[in-house]
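Colleague: Please read through the structure below; I'll follow up with questions.
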Amino acid sequence: MTRRAEKKVKRIMRWFSADGYERGYDWKGYEVYEPVYAKPMYIGGPFVIFVKGNKVWLAPDDEGEEYIHYSILKADEEERRAAGQT
């Protein structure tokens, strides 16, 4: 992530009162970042930020939901691989 993009991501996370953020799985050529909260937060639809170069934007609900579904499948796949399953 570029320095400029990082500043934008941090600003968005502060605006949503996130305690931090973590990188998700790359998706459709984009870096993905998700908020981290110390306490459970209910903020509506999936909250994901897409980054490509200096371009940073908050995913609309439908695209956020599509990414969340993808990331769940990807995490399940990684768990199976780590357990020696295919």
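Colleague: Any residue in region 14-32 that is part of a loop (DSSP other than H, G, I, E, B) sitting within a Cβ distance under 6 Å of a residue that is open to solvent by 60 Å² or more (accessible area, probe 1.4 Å) and not charged (D, E, K, R)? List the pairs, counting only those 6 or more apart or interchain.
Modeller: ASP19/ALA38
Colleague: Here is a follow-up. Which count do you get for residues in region 1-19 that are surrounded by fewer than 12 Cβ atoms within 10 Å (Cβ to Cβ) and of a type in the set (S, T, N, Q)?
Modeller: Matching residues across region 1-19 total 1.
Colleague: Which of the residues belonging to region 57-86 are open to solvent by less than 50 Å² (accessible area, probe 1.4 Å) and either small (Gly, Ala, Ser) or over 12 Å from the mean Cα position of the chain (by Cα) (or both)?
Modeller: ALA59, GLY64, SER71, ALA75
Colleague: Restricting attention to region 20-42, report how many residues are open to solvent by 60 Å² or more (accessible area, probe 1.4 Å) and of a type in the set (A, V, I, L, M, F, W, C).
Modeller: Looking only at that region, the number is 2.
Colleague: Look at region 37-49 and say how many of its residues are within 14 Å of the chain's Cα centre (by Cα) and farther than 17 Å from ILE72 by Cα.
Modeller: To start, the set of residues in region 37-49 that are within 14 Å of the chain's Cα centre (by Cα) comprises 37, 45-49.
Filter once more, so that each one left must be farther than 17 Å from ILE72 by Cα: 37.
Matching residues across region 37-49 total 1.
Colleague: Anything in region 11-49 that is touching a Leu at 6+ places or on another chain (Cβ under 8 Å) and at pLDDT 90 or above? List them, or say none. Spell out how you get there, then give the answer.
Modeller: Within region 11-49, the first condition is being touching a Leu at 6+ places or on another chain (Cβ under 8 Å), and the residues that meet it are 12, 47-49.
Of everything in region 11-49, those that are touching a Leu at 6+ places or on another chain (Cβ under 8 Å) and at pLDDT 90 or above turn out to be ILE12, VAL48, ILE49.
The values are calculated or read from the model by the stated rules, or taken from the named source; none is laboratory data. Since the structure is predicted, the reported quantities are computational estimates derived from the model, not experimental observations. Quick reminder, even Gly has a Cβ in these numbers, built from the backbone with ideal geometry, and neighbours come from all protein chains shown. These area figures cover heavy atoms from the full protein model, side chains too; ligands, DNA and RNA do not enter into them. Shrake-Rupley method; radii C 1.70, N 1.55, O 1.52, S 1.80 Å.
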